1. Being small (Gly, Ala, Ser) and surrounded by fewer than 20 Cβ atoms within 10 Å (Cβ to Cβ) is the filter; apply it to region 83-120 and report the residue that is farthest from the ligand (Cβ to nearest atom).
2. Can you name every residue in region 176-217 that is assigned to a loop (DSSP other than H, G, I, E, B) and among the acidic types (Asp, Glu)?
3. Kindly indicate whether any position in region 260-276 is in a helix (DSSP H, G or I), surrounded by fewer than 18 Cβ atoms within 10 Å (Cβ to Cβ) and in contact with a Gly (Cβ under 9 Å, 6 or more places away or on another chain).
4. Could you check residue 289 against (1) within 16 Å of the ligand (Cβ to nearest atom); (2) surrounded by fewer than 17 Cβ atoms within 10 Å (Cβ to Cβ); (3) of a type in the set (Lys, Arg) and say which number it fails?
5. Checking residue 361 against (1) near the ligand (Cβ under 9 Å from one of its atoms); (2) under 24 Å from residue 255 (Cα atoms), only one condition comes out false. Which one?
6. Say whether the condition of being touching a helix residue (DSSP H, G or I) at 6+ places or on another chain (Cβ under 7 Å), β-branched (Val, Ile, Thr) and more than 19 Å from residue 88 (Cα to Cα) is met by at least one residue in region 44-56.
7. Any residue in region 261-274 that is acidic (Asp, Glu), farther than 23 Å from residue 110 by Cα and touching a residue at least 60 places away in the same chain (Cβ under 8 Å)?
Amino acid sequence: MDFSDSSEIAEFRSGLRTWLVDHTITPEAEESEAMFLKRWHQVLFRGGWVGLSWPTEYGGKGLSNAYDVVLNEEIGASGAPDAPRIGYMGRAFLQWGTEEQRERFLPGLLSGDDYWCQGFSEPNAGSDLANLSTRAVKDGDRYRITGQKVWTSYAEYADYCILLARTGEPGGRHKGVSAFVVPMKSAGIDVRPIVAATGESEFCEMFFEDVEVAEENRIGAEGDGWAIAMMTVAYERGAADVGYLSKFGAALGELRTLVSSDGHVPPLARQRLGELEVRFRVLTEHVRRRLTEREQNDSLPGPEMSVDKILMTDVDQTLHRAALELLGPSVLTTGPGSRWLEKYIYSRAASIYGGSEQVQLNIIAQRLLGMPR
Ligand SMILES: Cc1cc2nc3c(=O)[nH]c(=O)nc-3n(C[C@H](O)[C@H](O)[C@H](O)COP(=O)(O)OP(=O)(O)OC[C@H]3O[C@@H](n4cnc5c(N)ncnc54)[C@H](O)[C@@H]3O)c2cc1C
């Protein structure tokens, strides 16, 4: 497979690189990380850089998947904030949504004007998601939803939630799970932020008490929720789909700058930076190949994305662990290295969110290697 840039991609890359020089933004005083990333998403959208591989009829650019990798590479190399994480939120609509739902929800998702969250996990349904017990009871042309979700990232900022709820028999496991778009301003939703070890409150608990949701907000048919959830998490495990290639690229660049700030880089530090670069490049080429193959085969992501999640977690955690070693006590001060301790702590969560590492390894053993359960 030839991964060198075609003339079209080279031209795109060069245009994006030039654009980034003039448009990268910095956080405003008191601006939350979530709102900063939302603002950056909107700036990128206005520049024409969002939804590159999405269909043109829904506001995308209709380009090949390879452009998503280039977007990540160039954003990372420029040190700009992360590429938007729209991939895993909206793809379900392309596959399962009605035409009306696509027209209603995709433009706001792509432009960054609407913020979305993912209400899957519950107190007794994380790795064992099929154990979820939030219920959606049909009442005429609407549903009434009651239950609790937890660890919902950005719920306090979200306009909409993709929510899984049980419409079938209690205890029905994968069967009888349905997916809904729930407007977060609906009456009966109580969102309570959880403060994490980083000191930030990225995720929240959500309580639903008899929340009314129109039938037209159900995605797919009743009982399609499990397949929709599996497709959504498969996209979530792709480093370009969630913008993590750009995040790692920017972090590596910043780390190199900090380590060499006094003009001297000890040999062991050079080796460590070299090792990180190799891991990052392996991940990048893996993702490029994965996306190219998916396009060539006209296939949707499946269990193979567990391999991507493991590779992504490896780069994230190796990078941030190395950063603590290389930056030393400066991560405990208020100087330029100070944010790295928080970033390191967050990287530990990579082996949990989007499906834990043990669960990914189980999927690889059973579904890719064909081993018995
Ligand atoms: C930063 C962050 C953001 C998140 N954002 C969201 C979000 O936006 N929306 C959402 O719905 N959820 C979100 N989650 C929740 C996440 O999906 C769950 O935490 C994850 O699925 C694990 O579930 P759990 O926490 O209940 O742990 P458990 O399922 O209780 O697992 C506990 C431990 O047991 C292990 N384990 C469980 N089952 C098995 C098994 N069969 N074999 C081997 N080991 C096993 C796990 O690997 C883990 O180490 C987020 C989590 C984090 C950390």
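1. 111
2. Matches in region 176-217: 200, 202.
3. Within region 260-276 (the criterion being in a helix (DSSP H, G or I), surrounded by fewer than 18 Cβ atoms within 10 Å (Cβ to Cβ) and in contact with a Gly (Cβ under 9 Å, 6 or more places away or on another chain)), the answer is no, since none of the residues qualifies.
4. Unmet for residue 289, out of (1) within 16 Å of the ligand (Cβ to nearest atom); (2) surrounded by fewer than 17 Cβ atoms within 10 Å (Cβ to Cβ); (3) of a type in the set (Lys, Arg): (1).
5. Among (1) near the ligand (Cβ under 9 Å from one of its atoms); (2) under 24 Å from residue 255 (Cα atoms), residue 361 violates only (2).
6. No, that holds for no residue.
7. no
Here is a yes/no grid of residues against (1) more than 30 Å from residue 61 (Cα to Cα); (2) not charged (D, E, K, R):
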{"site": "114", "(1), (2)": "no, no"}
{"site": "124", "(1), (2)": "yes, yes"}
{"site": "127", "(1), (2)": "yes, yes"}
{"site": "144", "(1), (2)": "yes, no"}
{"site": "162", "(1), (2)": "no, yes"}
{"site": "197", "(1), (2)": "yes, yes"}
{"site": "206", "(1), (2)": "yes, yes"}
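The values are calculated or read from the model by the stated rules, or taken from the named source; none is laboratory data. The structure displayed is predicted, hence computed values, not measured ones. Here the Cβ is made from the backbone with ideal geometry for all residues, glycine too, and neighbour counts use every protein chain on show.
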